[in-house]
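Beneath this line is the structure, given in structure tokens, with notes to follow.
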Amino acid sequence: MPHPYVLLSAAVSLDGFLDDTGPERLLLSGPADFDRVDEVRASSDAILVGAGTIRSDNPRLLVNSAERRAARVDAGRPAYPLKVTVSGSGDLDPDARFWHTGGEKIVYTTDKGAARAADALRGPAVDVVSTGAELDWRTVLEHLYGVRGVRRLMVEGGGRVHTQLMGQGLADELQLAVAPLFVGQADAPRLFGPGGYPPGRMRLVETRAVGDVVLIRYVPTAPGTGALATAADRRWLGVACELAALCPPSRTAFSVGAVVVAADGTELARGHSREGGDPVAHAEEAALAKIAAGDARLASATVYSSLEPCARRASRPAPCARLILDAGVRRVVTAWREPDTFVAGADGSGLLAAAGADVVVLPEFAERAEAPNRHLLGAG
């Protein structure tokens, strides 16, 4: 199921703390950064914080700028983003400011916590949703996307929430405002705690001064594992779809883009159909040809292809699904199953799966993958 774009937002001290241990919240950002955060809130469909943050900080989570609220209304959106919290126990204070300011609210909890949350929040108009016996982040994100129409989710804490979303590979972006001060208290809350995080280095997309703090933006790069898609999988598949748009047009072959990515997020190669003037070159074939045979990283790599790798082809002896398997790759992420335009009953995914490869299909990218091939659809 599709997920919203998940943006983790936080301000930290130079030594990585979200707050100190004092009774009042430590203000790490200055006026310029608070205004930046307000702008990000205004661009979001929903804002999420954990129940612990509601207890400790008692936030309102509003768009403070009247101009930004007016712009949202003019665009046909509610003045305030949907406010979201998660609580496994359902132990929520009905007097917290979170419930009495802004627009709609929703609580995600467990089967046991749902009754407790509903009882506590009888006054405010709040939607209480259980994700089952345990609090499940994928269910939360799928419900926000599919039922509440959330396409962009801003997550403002706390550290436990950030740790879980990053550790499960569900964060599309990290926006970190680094404040020029130290906390130095071992018991103070940190942005991230111990956890099983994705390997490798994240990709830096922006740094800039905002008043006296520095904004740093990172996006994940390490592919997921197995059948579960991660935020990085979605980003790399988006790159493959962009490559498909670079293909020279053809009436006799699809336009496809492919990227091969190592487990630590290192891009090994990319390619697209008819690359280099070869009229019969396929995207996966072009990408894999750029990697040395026997490269040990291929065994744990992921191939991202805008179209399902072919299982049969007339132009070359080996179809792309076979090339992928022969290279040692055992995970493929794709957007679009091959139609019968040129090959009836094509099933590259079946060939891959039968050989033990994990095949992940993300149909929310199908429209982008189809776009450079619309002139072919319906022919066959």
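Nothing in this text is a laboratory measurement; each read-out follows from the coordinates by a stated rule. A quick note: this is a predicted structure, and the numbers were derived from the prediction, not measured. Cβ sites come from the backbone with ideal geometry, for glycine too, and all protein chains shown count toward neighbours.
When each of Glu364, Glu206 is scored by the number of other beta-carbon atoms lying within 10 Å, the sequence from fewest to most is Glu206, Glu364.
To make sure I understand, if each residue's beta carbon is the centre and we count other beta carbons within 10 Å, what order do Met202, Met154 fall in, fewest to most?
Result, fewest neighbours first: Met202, Met154.
Largest mean-square fluctuation among His282, His162, His100, in a Gaussian network model of the chain whose springs join Cα atoms under 10 Å apart, belongs to His100.
Report the FRET efficiency, 1/(1 + (r/R0)^6), for Glu206 and Ser43, where r is their Cβ-Cβ distance and R0 is 22 Å, rounded to 0.05.
Numbers: r = 15 Å, r/R0 = 0.68.
With a Förster radius of 22 Å, E is 0.90.
Sort Met166, Met1 by Cβ crowding within 10 Å, fewest neighbours at the top. Mind showing how you got there, number by number?
Working: Met166 22, Met1 13.
Lowest count first: Met1, Met166.
Taking amide H as placed 1.01 Å from N in the peptide plane, Arg152 has its amide H under 5 Å from the amide H of Tyr5, Asp45, Ala46, each at least 5 places away in sequence or on another chain. Volume per residue for the stretch 1-56 equals 121 cubic angstrom (convex hull of Cα atoms). Count Lys and Arg as plus one, Asp and Glu as minus one, and take only other residues whose Cβ is under 15 Å from that of Pro189; the net charge is then -3. Springs between Cα atoms under 10 Å define the GNM used for the chain, and in it the highest mean-square fluctuation of Pro309, Pro59, Pro31 occurs at Pro31. At full extension, Phe34 and Arg312 could sit 94.5 nm farther apart than now, given 0.36 nm per residue minus the alpha carbon distance. When only alpha carbons of the stretch 1-148 are considered, Rg and Dmax amount to 15.8, 42 Å. Panel note: the C-alpha atoms of the stretch 228-293, placed on their principal axes, show extents of 35, 26, 16 Å (largest first).
Which log10 I(q)/I(0) values does the stretch 18-96 give at q = 0.18 Å⁻¹ under the Debye formula, counting every alpha carbon as one identical point scatterer? Taken in order of the listed q values, log10 I(q)/I(0) reads -0.87. The tail of the calculated P(r) for the stretch 231-373, taken as Cα-Cα distances beyond 20 Å, holds 37 percent of the pairs.
Here the Karplus relation 6.51 cos²θ - 1.76 cosθ + 1.60, evaluated at θ = phi - 60°, turns the backbone of the stretch 56-73 into coupling constants of 7, 10, 6, x, 8, 6, 10, 7, 7, 6, 4, 5, 5, 5, 5, 5, 5, 5 Hz, with x for every Gly and Pro.
Across the stretch 231-373, the mean sequence separation of Cα contacts (distance under 8 Å, 6 or more residues apart), normalised by length, yields a relative contact order of 22 percent. Between Arg151 and Leu377, the contour length at 0.36 nm per residue exceeds the Cα-Cα span by 78.5 nm.
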